[in-house]
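What follows is a single structure, written as structure tokens, with notes after it.
The values are calculated or read from the model by the stated rules, or taken from the named source; none is laboratory data. Remember, it's a predicted structure, so these values are computed and weren't measured experimentally. Neighbour counts run over all protein chains shown; Cβ positions are idealised from the backbone, glycine included. With ligands, DNA and RNA removed, areas are computed over all heavy atoms of the protein, side chains included. Shrake-Rupley method; radii C 1.70, N 1.55, O 1.52, S 1.80 Å.
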Amino acid sequence: MLLFPSVATNPKYSEARNNLGRDYIAQGKYNKAIVEINKTLKDLTYSAPEKAQTNLGLAYLRKNNLPKAREQLLSAIKSNRDYCPAYNYYGQTLMKLKQFDDASGVFDRGIKVCQNSPEELHYLSGLSYYQTGKKRMALVRLKEVAKLYPASEYAEKSRSLLKVIEQDKQ
């Protein structure tokens, strides 16, 4: 059974095909996601290539194909510098590549771009600063998470990392 019947009735409906790819990612079916999303990207009339590029980058990130993830996510940002999810996944890719300085910059740009900056961007920014040894910047970002999003899972993670940083100071 096809989860997105609109793809079956109109194979050129790229938005539905992209959504199907995203659903495959959620199910851990990354190869199927890559096939569907690549079909979307071949549609030159698709009006939101940054969505498909981000989803393709996410599929590669989940498969741990970091060079391809980096390429797609950077393309998504170039396609639309205001597309928030691309910054999140691009920064995560850079962190997996141990490029923490670059990741910090990406997360910080994402925080500025995203009107309602997700707590995850603040947390990951703080974590990447911590990885580079920039503890003062890490403290700033992690305290922001605890203050701006006190009930979130990232606030709890931030509080835990803040304790570690405070113990490092002693």
Report, in deg cm²/dmol and to the nearest 500, the calculated mean residue ellipticity at 222 nm for the chain, where each DSSP H run with n ≥ 4 adds -39500 (n - 2.57) and the sum is divided by the residue count.
-> -24500 deg cm²/dmol
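Given a 1.4 angstrom probe, what's the average accessible area per residue across region 86-141, in square angstrom?
Details: 2520 Å² over 56 residues.
Ligands and nucleic acids excluded, the result is 45 Å² per residue.
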The distance between the Cα centres of region 82-113 and region 25-67, in whole Å, is 18
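Anything over 22 Å Cα to Cα? Flag those among K51/K143; K63/K134; K98/K135; K112/K147, in the order listed. All intermediate terms of the calculation are to be shown ahead of the outcome.
On the way: K51/K143 31 Å; K63/K134 30 Å; K98/K135 17 Å; K112/K147 17 Å.
Flagged as over cut-off: K51/K143; K63/K134.
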What residue among P150, P85, P49 shows peak mean-square fluctuation when the chain is described by a Gaussian network model with Cα springs under 10 Å?
-> P150
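Carbon and sulfur together cover what percent of the accessible area of the chain at a 1.4 Å probe radius?
Numbers: 4610 of 9290 Å².
Of all accessible area on the chain, carbon and sulfur atoms account for 50 percent.
Leaving out ligands and nucleic acids, note down the accessible area per residue over region 26-81 with a 1.4 angstrom probe, in whole Å².
Details: 2980 Å² over 56 residues.
On a per-residue basis, region 26-81 sits at 53 Å².
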At a Förster distance of 30 Å, what's the computed FRET efficiency of N116 paired with E156, Cβ-Cβ distance as r, to 0.05?
-> 0.90
Per-q log10 I(q)/I(0), region 1-120, q = 0.11, 0.14, 0.23 Å⁻¹ (Debye; single scatterer per alpha-carbon; no solvent) = -0.36, -0.57, -1.25
Unit Cα scatterers, Debye sum, region 53-170: log10 I(q)/I(0) for q = 0.12, 0.15, 0.19 Å⁻¹ | -0.41, -0.63, -0.94
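If you take every residue apart from A103 with its C-beta less than 14 Å away from the C-beta of A103, what net charge results, scoring Lys and Arg +1 and Asp and Glu -1?
Values: positive: R70, K96, K98, R109, K134, R141; negative: D101, D102, D108, E120.
Charge balance near A103 sits at +2.
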